[in-house]
1. Please give the net charge around Ala569, taking every other residue with its beta carbon less than 12 angstrom from that of Ala569, where Lys and Arg add +1 and Asp and Glu add -1.
2. Taking 0.36 nm per residue of sequence separation and subtracting the Cα-Cα distance, how much length would be gained by fully extending the chain between Arg162 and Ser458, in nm to one decimal?
3. What's the center-to-center distance, using Cα atoms, between region 438-494 and region 399-418 in Å?
4. According to a simple spin-label model (label point 7 Å from Cα along Cα-to-Cβ), what is the distance in nm between Arg238 and Asp142?
5. Find the lysine pairs in the chain meeting two conditions, Cα atoms under 24 Å apart and a separation of 8 or more places or different chains, and report how many there are.
6. When the chain is fully extended, how far beyond the present Cα-Cα distance does Glu523 get from Tyr574, taking 0.36 nm per residue of separation?
7. Between Met188 and Lys562, what is the FRET efficiency for a Förster distance of 30 Å, r being their Cβ-Cβ separation, to the nearest 0.05?
8. May I ask you to give the percent of accessible area on the chain that is carbon plus sulfur, with a probe radius of 1.4 Å?
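The values are calculated or read from the model by the stated rules, or taken from the named source; none is laboratory data. Note that this is a predicted model, so its numbers are computed, not measured. Using ideal geometry, Cβ is built from the backbone for each residue, glycine included, and neighbour counts are taken over all protein chains shown. Protein only, heavy atoms only, side chains kept; ligands, DNA and RNA dropped before computing areas. Shrake-Rupley method; radii C 1.70, N 1.55, O 1.52, S 1.80 Å.
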Amino acid sequence: MTESNGPAAAERNEEMPDWEQRFRAPRVSLPDWAQDAPDRSLFVSNATGTYELYAWDRATGGQRQVTDRPNGTTDGVLSPDGTWVWWFDDKDGDEFGVWRRQPFGGGEDELATPGLEASYPSGLALGRDGRTAVVGRSTDEDGTTIYVARTGEDPVEIYRHRESAGVGDLSHDGSLIAIEHTEHGDAMHSALRVLRPDGTAVAELDDTKGGTEELGLEVLGFAPVDGDTRLLIGHQRRGRWEPLVWDVATGVESDLELDLPGDVSAEWYPDGTGLLIAHSFEARSELFRYDLATRDLVKVPTPAGSVSGATARPDGSVEYLWSSSAEPSTVRSTTGKVVLDPPGMKSPGSVPVADVWVEGPGGRIHALVQKPAGATGPLPTVFDIHGGPTWHDSDAFAAGPAAWVDHGYAVVRVNYRGSTGYGRAWTDALKHRVGLIELEDIAAVRDWAITSGLADPSRLILTGGSWGGYLTLLGLGTQPGAWTLGIAAVPVADYVTAYHDEMEALKAMDRTLLGGTPEEVPERFEASSPLTYVDQVKAPVYISAGVNDPRCPIRQIDNYVKRLEKRGAVHEVYRYDAGHGSLVVEERIKQVGLELDFAARHLGA
């Protein structure tokens with residue numbers, strides 16, 4: 001990246017409010033590096049005002065922008081030999097497209113897999129030979145298909161199924177392919193299969209068989225050694241995510257049995273002798289090194305907060321992307337150095353979060369609370385609900401909540417049932433009563449916020465994006481007296497229409513959550529659809545939507561809005577030309593500004 005902010009920019013910074021600076025300040029992702037050329041890296045940055053891919057030659061220090069599209073690009077992979085940058089080319093955020101590739105040093109883009117038509121992506125693994133790729137595709141017509149594509153040859157199909165599946169990893173020598181699949185019909189809990197490049201099966205592992213519990217598996221990666229048939233996987237056999245090493249040739253499973261209370265993931269150290277352990281517990285995270293020979297677990301020093309990505313380098317050091325609610329993200333190294341420090345304005349910090357535990361109908365609920373420094377309640381309060389639903393809010397930097405705090409609001413984020421990081425039972429609890437269970441937990445935290453003196457009950461905002469937007473609309477209809485206004489971004493609004501219009505992988509997830517299709521379980525879709533309760537909505541509603549969104553499609557939002565219009569309900573709608581969110585900084589600032597303005601006009605705050 002080149003320096004683009006001089007004295008004039010610094011002068012503008014003094015006049016620009018902090019909340020805008022947080023969005024405009026250049027930021028970078030954790031760099032991905034080439035397995036056989038570790039000085040070559042790929043990262044994402046918003047340095048130009050749009051999130052795009054950048055190539056970085058660590059040996060020379062040179063950086064260059066790889067992609068340049070009006071609505072941005074974030075899906076990219078570096079080939080193991082460092083020769084190619086692969087990137088996914090969709091249309092204005094619709095997530096339906098093809099893989100292209102560009103030489104690492106620059107040059108023209110080319111179609112990476114000739115012979116494969118456009119699709120939704122379903123995983124990608126690149127071979128070390130520089131000519132082999134394993135490509136996962138998803139379409140409404142075919143379900144999931146997986147191909148082996150070699151330069152100069154026609155792609156060969158090695159897998160096909162109606163249910164969702166995806167490419168997990170390709171072994172170091174290219175002889176084995178690990179995939180995750182949901183052929184049993186449960187999109188929340190995958191099984192594993194290992195194939196040869198000709199499509200013949202080598203090994204199977206399915207924790208959904210033979211038991212009453214629904215258990216999932218995930219591919220974490222093959223050992224980075226030629227001829228090594230060990231596959232690192234994640235399992236849920238003890239009620240949370242943990243890693244184990246599965247030798248797919250012998251069938252031997254080596255359980256690590258780590259004494260850590262939260263969800264645990266892992267990746268290999270480059271020499272295959274140890275694992276980099278990532279431990280997430282109660283909205284914070286930490287790193288460890290696990291020695292496979294001695295079984296020693298040694299903590300990797302990181303500050304308190306959240307590590308949102310980490311990788312072990314060939315020299316044994318660890319690079320990681322870290323932030324806290326008070327401090328913006330940085331890419332750091334255990335060597336003590338900041339790995340990437342983008343030029344230009346620096347993001348202002350925010351206030352730390354306080355942890356709150358509230359007794360709810362399904363157990364203790366964890367919430368994260370921020371409020372303006374020195375402020376005392378009762379305050380106008382924003383309940384900012386995370387998406388997913390299989391996700392969680394953490395002690396990590398977020399420009400959206402910080403903007404609300406800057407404007408005098410308290411912000412409460414709830415890790416409701418369905419959230420990750422609190423055990424498998426907590427994550428899986430929302431089945432069949434989808435949306436309604438999450439709102440029970442949100443209501444319990446709302447009651448705490450009022451009785452504790454934090455929140456002004458006459459100035460309560462329910463807001464969120466994606467699944468959080470869905471819960472916002474559902475909450476406004478099922479809890480009409482609880483909320484002063486609602487702000488929903490890219491929401492599910494009409495669940496039946498959303499199901500029929502959304503991408504195939506999400507159809508599979510909805511069938512799992514609700515127990516069938518809208519035709520098979522109409523009463524469940526009706527009970528969980530915001531459209532069912534739209535006539536009970538009393539609060540002013542603001543909705544923003546991407547017109548190319550394949551996850552929460554625009555037609556079902558229009559159906560909901562027409563019902564609001566019919567009854568003369570107070571509402572505003574903002575449609576923008578992108579998909580499930582925007583990668584353009586100015587667009588994101590515009591959206592947050594519109595939300596803040598809507599709240600100020602209707603709350604008088």
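1. Numbers: positive: Lys538, Lys562, Arg563, Lys566, Arg567; negative: Asp535, Glu565, Glu572.
Net charge around Ala569: +2.
2. Numbers: separation 296, 0.36 × 296 = 106.56 nm, distance 4.90 nm.
Difference between extended and current length: 101.7 nm.
3. Centre-to-centre distance over Cα atoms comes out at 12 Å.
4. With each label placed 7 Å out from Cα toward Cβ, I get 4.1 nm.
5. Value for the chain: 12.
6. Details: separation 51, 0.36 × 51 = 18.36 nm, distance 3.08 nm.
Contour length minus the Cα-Cα distance gives 15.3 nm.
7. Details: r = 33 Å, r/R0 = 1.08.
So, using R0 = 30 Å, E works out to roughly 0.40.
8. Values: 11460 of 23490 Å².
Solvent-exposed carbon and sulfur of the chain make up 49 percent of the total.
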